1. Looking only at residues that are open to solvent by 100 Å² or more (accessible area, probe 1.4 Å) and free of Cβ contacts under 8 Å to residues at least 24 places away in the same chain in the range 1-11, which one is farthest from residue 54 (Cα to Cα)?
2. Quick check on my filter: what residues within the range 12-45 are at pLDDT 85 or above, open to solvent by less than 50 Å² (accessible area, probe 1.4 Å) and among the charged types (D, E, K, R)?
3. Based on what the data block shows, is residue 240 part of a loop (DSSP other than H, G, I, E, B) and either buried (at least 22 other Cβ atoms within 10 Å of the Cβ) or touching a residue at least 12 places away in the same chain (Cβ under 8 Å) (or both)?
4. Is there a residue being farther than 26 Å from residue 430 by Cα and among the charged types (D, E, K, R) anywhere in the range 346-362?
5. Inspect all residues belonging to the range 35-54 and state whether any of them is of a type in the set (Asp, Glu) and assigned to a loop (DSSP other than H, G, I, E, B).
6. For the range 186-193, check the following and say yes or no: at least one residue is part of a helix (DSSP H, G or I) and of a type in the set (Lys, Arg).
7. Check 441, 391 and return the single one that is at pLDDT 75 or above and open to solvent by less than 20 Å² (accessible area, probe 1.4 Å).
8. Going by what's in this entry, would residue 124 be described as assigned to a helix (DSSP H, G or I) and more than 20 Å from residue 44 (Cα to Cα)?
Amino acid sequence: MASQLKPDLGREWANELFALSLQVKGSRRPQLQGTALSILIRLDPDRALELLHQLGPEDPEAKPAAWPPQTLLAHKVFDILVLRDGENALPVLQQEADRMGLQGHYPYAALGYGTIQASNKYWGHDNPRAIRLLESVFQPAFARYSQAPHTYFDDYEFGGMLQVLAGGLPFDSVQPALHLLVKNLLATDTSKYQFTAEVINVSGQKATAHNAIDAAIFLFGSLINRDPDLAKELASSRPELQKGLEFTKEGQQRSGMFGPALPAEQGQAAGVNEMYQDAVDLALSNPAEAIAKAQQLPDDTRTIALLQVAQMVSRYDPARAAAVIAEVQQENKPPMDEGTLVDIISAQAFVAAGQDNQSALHDLLRQGFASANHMLLERQGTRRNYVSIPALTPLVHIGMEKDPDFTIPFVEGLPASRVKAEVLLDAASALSRRRPPHIGAQPQQTAEKPNP
């Protein structure tokens, strides 16, 4: 937010965030470093590149299925530097890739995509120069991949590079690398790495892979099919690959999916989360379908989803939103826990705002803030480090938009805590939407009323 008004201040804060992240242990460290670098990539890509190889050591307790954050960040940094400097950026990126490789994560795919991007201006009028450029990056990368120790993630990264560069290089020059890649993938310890893949052909038929080896073969199937003998050998030695390889032939594949496999319990949770997100995503375009999806969720998630959908729908159809809230109230009869009560009040406040009912909105803000204060005071006695009241954030947001004179004293009166920090940030976000255009605000978009 700060960087949009004062880029230098945003840059300073992002650098400070990265420095502070070095004091953090566990999974929070890469999360904070990723946030800092994502900001710096936009504001100061050279500094982001400098910090990329200074990322802290990985959590020794992290599961192998966790993708190395360095390679994901490298894609963003490399792309923006190539966009800015063209092929002149490649020697710098190769040097940085070597540094990252010493830490165990050589960003093959990021370097490959950057090289293709740098070569684009030559194709069509100086193809030999474009090919020389691709070879100048591919050959040393292939040599490194051939000699260096590798993990499944390195195989995935090198496969990504190979797949993109094979579109510009003569196939016989990448064929040895393809054979090595497949050999390494076939040696993967599938008890250590759990990944799945799915391929759907143009007729809608589906092929699935339920282990890391077959999943990667599906992922690189279109490249493997350029070597008919290799594809035939794989289909013969692993019959379960035959259908997927057939679907990944040129002109046959419609879509595909590749990702980590989840245990059964996590898979069920992921399904619930996916349905919840579908309901929220549909709220602005098809409220009837959004409500129908939310109603299919388990009890606790159902209540939260219905109120979230109602909150979004209230902007353009407050009557429909009010009906959804009434349904939730019917299902959650007294005695109702205070958290659910604040959830309902927050959604009702959005309805009142959608109806331009300032009196009702003011009363709901008063009720919601009073309940939130009570919850904060009650839970302070438990000595918990953090108290979560998710509905307080949207309640403050709508209050800042519609009744700031009443909302600001409440926010300022909150005890110093993480809750107050989050509420202050959302209050600032709400105020930023109210900024007059002459100091750089984007005009606020209003949702078009969707089809019922």
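The values are calculated or read from the model by the stated rules, or taken from the named source; none is laboratory data. Owing to the predicted nature of the structure, the values given are computational and were not obtained by experimental measurement. Here Cβ is always computed from backbone atoms with ideal geometry, including for glycine, and neighbour counts include all displayed protein chains. Side chains are part of the model used for accessible areas, which takes the heavy atoms of the whole protein and leaves out ligands, DNA and RNA. Shrake-Rupley method; radii C 1.70, N 1.55, O 1.52, S 1.80 Å.
1. Checked the range 1-11; the qualifying residue farthest from residue 54 (Cα to Cα) is 6.
2. Listed by number, the list holds a single entry, 44.
3. Judged against the criteria, residue 240 is not a match.
4. Looking only at the range 346-362, we keep the residues that are farther than 26 Å from residue 430 by Cα, and these are none.
Looking through the range 346-362, none of the residues is farther than 26 Å from residue 430 by Cα and among the charged types (D, E, K, R).
5. The initial filter retains those residues of the range 35-54 that are of a type in the set (Asp, Glu), namely 44, 46, 50.
Next cut, assigned to a loop (DSSP other than H, G, I, E, B) only: 44.
For the range 35-54, residues of a type in the set (Asp, Glu) and assigned to a loop (DSSP other than H, G, I, E, B): present.
6. Within the range 186-193, not a single residue is part of a helix (DSSP H, G or I) and of a type in the set (Lys, Arg).
7. Working: 441 fails: at pLDDT 75 or above.
Step by step, each of 441, 391 is checked, and only 391 is at pLDDT 75 or above and open to solvent by less than 20 Å² (accessible area, probe 1.4 Å).
8. Numbers: assigned to a helix (DSSP H, G or I): no; more than 20 Å from residue 44 (Cα to Cα): yes.
Spelling it out, it is not the case that residue 124 is assigned to a helix (DSSP H, G or I) and more than 20 Å from residue 44 (Cα to Cα).
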